[in-house]
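Visitor: One structure, as structure tokens, below. Some questions next.
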């Protein structure tokens, strides 16, 4: 119990992320100071934004420091507490990173109730990815009944929630995903109206067929050619929530060609980061928690086993190999 | 008096606009119906948006019809009236197009007062271009005191107003223009804090030097490399009013490369067309009229002489040969 495993950033990637950018280390549990809590992490969340933090360049997030534990969201259980607000056995969500255990100051942890919402979902549909979907849809896309919305990376942790919430609001929800299996899941299990497989080679034509009335709002996770295809279908006064550009995270060129659509269709585009809008989290999480608890909001998880599997799982996530929310199970 | 000259669209351009896309014709003044007004046009306005209307493809404006008078804003004088709201001698602004005269229904004309604002300015700083600047600045860029704003095509009819209005609102105003003469005018006569000559070959470095605190808002008229250079300097939560993409109006490739800035800097981009926001024109024109009338808002005009000069003047406008508002003087 006095030592645990953690993964640090060993070097910054040149282009594609590789396993030797990471290093597995053994750490020793430090004594707790007043107000601190020791947490055993049950699940680690892997998210595309982590790729950006591996760079040294100016971005929205402070770069991940070399030789420090990779940052990341976690859910786990309190095993020792010097904070009166947390008792041993409490379930908590925090940012303890790629590590089996961690010490946190009380204010960085949030107690969660797993009666109706399973522990892992607090990292997915009822966590940061779910809130990202909720914020982009309700605050930027602002869809009206009968409108068509499109979301790329539709089977992922964020995209899957965007489309389901849009359906509940009376929209036509169209996903874009990579591969027939993901597309079948998006339509048959998540209930989207259509899903375009961008790997099938007919992106523009297939998207046109899936959006006979054009597109009123896009939730963009990918960028590049997929974004261009969406722009070409936009209706006047369309809204675009820009959440991610995963197609360019490894430094690939990712020029946008249909820039003129922003002008001719009078579009609004807004890039956002959900952690800057914490004031809306209680409202969003309440809706998401109720929907997951009642079974109305579905989600899927790709779970890697054990901390040592995290680097490969993360590399797979960047290549779209995951299916739904990518987690690492630690306990 | 019974005939007049007009210019029609003879053919659609393939790439660059050429003089033979236009045809000069003689027309006959028709008898007026009740409610109609006959106007002798004194000035014709030439504007970049007309290039878009020459295409047959889907755009925000209905395409200009072949063999019909080229559309466009005009100011002139009523010479005959069957409308009780207009008397012979009234000065009016209208949309009578590339023609020496024209018949208009009353509601399409607006009576103007030339006591303090010269006739031609109702097509520029106190007309559609001025309103375009006012709308983009006040409604989309929403600059705060001390912020840095950048406007491309800064010496033009729209850009010149954007920078001057921003200065009045306590901003650092930086222009981008083509050539040392235009830049000197932008700084010395219009009062911008700086102007970058994009033809000097050091766009990125010069823009960085002119925006030491980054850029908080852009008024984009040009697109392509100039837009990319601005995006690379944006501060978090920056706003971009997208008014034009003149660098691509002749079909040149105009890809945008710094797309990632929208995400990392959480930018908001909005394309707009000022004629869709007529509710704000009275407020904007009141401000612009007062500023021009009192000499606080400066403007410059390039005036071509006679209707037959319109095609070459328009082609020059698309190449940036104009200096300030491009007009054609007809009387």
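The values are calculated or read from the model by the stated rules, or taken from the named source; none is laboratory data. All figures in this text were calculated on a predicted structure; none of them were measured in a lab. Ideal geometry is used to build each Cβ from the backbone, glycine not excepted, and the neighbour counts take in all protein chains shown.
Visitor: If I ask for residues that are in contact with a strand residue (DSSP E or B) (Cβ under 7 Å, 6 or more places away or on another chain), within 20 Å of residue B:296 (Cβ to Cβ) and loosely packed, with under 14 Cβ neighbours inside 10 Å, which ones from segment B:105-119 would you list?
Guide: If the condition is that a residue be in contact with a strand residue (DSSP E or B) (Cβ under 7 Å, 6 or more places away or on another chain), within 20 Å of residue B:296 (Cβ to Cβ) and loosely packed, with under 14 Cβ neighbours inside 10 Å, then B:114 is the only one that fits.
Visitor: Just give me the residues in segment B:34-60 being closer than 20 Å to residue B:77 by Cβ and not in a loop (DSSP other than H, G, I, E, B), in sequence order.
Guide: B:36, B:37, B:38, B:39, B:40, B:41, B:42, B:43, B:44, B:45, listed by residue number.
Visitor: In addition: If you check A:72, A:89, which single one turns out to be assigned to a loop (DSSP other than H, G, I, E, B), in contact with a strand residue (DSSP E or B) (Cβ under 7 Å, 6 or more places away or on another chain) and surrounded by fewer than 14 Cβ atoms within 10 Å (Cβ to Cβ)?
Guide: Sole residue among the options that is assigned to a loop (DSSP other than H, G, I, E, B), in contact with a strand residue (DSSP E or B) (Cβ under 7 Å, 6 or more places away or on another chain) and surrounded by fewer than 14 Cβ atoms within 10 Å (Cβ to Cβ): A:89.
Visitor: What number of residues within segment A:140-162 are closer than 17 Å to residue A:238 by Cβ and touching a strand residue (DSSP E or B) at 6+ places or on another chain (Cβ under 8 Å)?
Guide: 13
Residue-by-condition table, conditions (1) under 22 Å from residue A:143 (Cβ atoms); (2) away from every other protein chain (no Cβ under 13 Å):
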{"residue": "A:216", "(1), (2)": "yes, yes"}
{"residue": "A:222", "(1), (2)": "yes, no"}
{"residue": "A:254", "(1), (2)": "no, no"}
{"residue": "A:273", "(1), (2)": "yes, no"}
{"residue": "A:305", "(1), (2)": "no, yes"}
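Visitor: May I ask you to verify whether residue B:262 is under 30 Å from residue B:116 (Cβ atoms) and at the interface with another protein chain (Cβ under 7 Å from one of its Cβ atoms)?
Guide: Answer is no for this residue.
Visitor: Are any residues in segment B:28-49 modelled with pLDDT of 95 or more and closer than 25 Å to residue B:128 by Cβ, and if so, which ones?
Guide: Residues satisfying the conditions are B:35, B:36, B:37, B:38, B:39, B:40, B:41, B:42, B:43, B:44, B:45, B:46.
Visitor: Sticking with this structure for a sec: Right, residue B:268: farther than 19 Å from residue B:142 by Cβ and within 14 Å of another protein chain (Cβ to nearest Cβ) or not?
Guide: No.
Visitor: Now, a different point. From the list A:243, A:195, which one is at pLDDT 95 or above, in contact with a helix residue (DSSP H, G or I) (Cβ under 6 Å, 6 or more places away or on another chain) and within 14 Å of chain B (Cβ to nearest Cβ)?
Guide: The unique qualifying residue is A:243.
Visitor: Check A:31, A:63, A:84, A:13 and return the single one that is in a loop (DSSP other than H, G, I, E, B), more than 19 Å from residue A:123 (Cα to Cα) and either in contact (Cβ under 8 Å) with a residue 12 or more places away in the chain or touching a strand residue (DSSP E or B) at 6+ places or on another chain (Cβ under 6 Å) (or both).
Guide: So the residue among A:31, A:63, A:84, A:13 that is in a loop (DSSP other than H, G, I, E, B), more than 19 Å from residue A:123 (Cα to Cα) and either in contact (Cβ under 8 Å) with a residue 12 or more places away in the chain or touching a strand residue (DSSP E or B) at 6+ places or on another chain (Cβ under 6 Å) (or both) is A:13.
Visitor: Which of the residues that make up segment A:277-291 are closer than 17 Å to residue A:110 by Cα and either away from chain B (no Cβ under 11 Å) or modelled with pLDDT under 95 (or both)?
Guide: A:278, A:279, A:280, A:281, A:282, A:283, A:284, A:285, A:286, A:288, A:289
Visitor: Let me ask something else about it. Taking segment B:294-308, which residues are closer than 18 Å to residue B:324 by Cα and surrounded by 16 or more Cβ atoms within 10 Å (Cβ to Cβ)?
Guide: Hits for segment B:294-308 are B:297, B:298, B:299, B:300, B:301, B:302, B:304.
Visitor: Still on this structure, please answer the following. Among the residues of segment A:75-84, what is the count of those that are surrounded by 15 or more Cβ atoms within 10 Å (Cβ to Cβ) and farther than 24 Å from residue A:327 by Cβ?
Guide: So the answer is 4.
Visitor: Taking residue B:133 as the residue in question, decide whether it is crowded, with 24+ Cβ neighbours inside 10 Å, at pLDDT below 95 and either under 17 Å from the mean Cα position of the chain (by Cα) or not in a helix (DSSP H, G or I) (or both).
Guide: Here the answer is no, as residue B:133 does not meet what is asked.
Visitor: Among the candidates B:146, B:179, single out the residue that is over 30 Å from residue B:26 (Cβ atoms), surrounded by fewer than 21 Cβ atoms within 10 Å (Cβ to Cβ) and within 20 Å of the chain's Cα centre (by Cα).
Guide: The conditions single out B:179.
Visitor: Also, quick follow-up: What helices (runs of 4 or more DSSP H) completely inside segment B:184-293 contain at least 2 residues that are outside the structural domain of residue B:159 (by TED's automatic domain parsing), on the phi < 0 side of the Ramachandran plot and surrounded by 15 or more Cβ atoms within 10 Å (Cβ to Cβ)?
Guide: Fully inside segment B:184-293 and qualifying: B:281-293.
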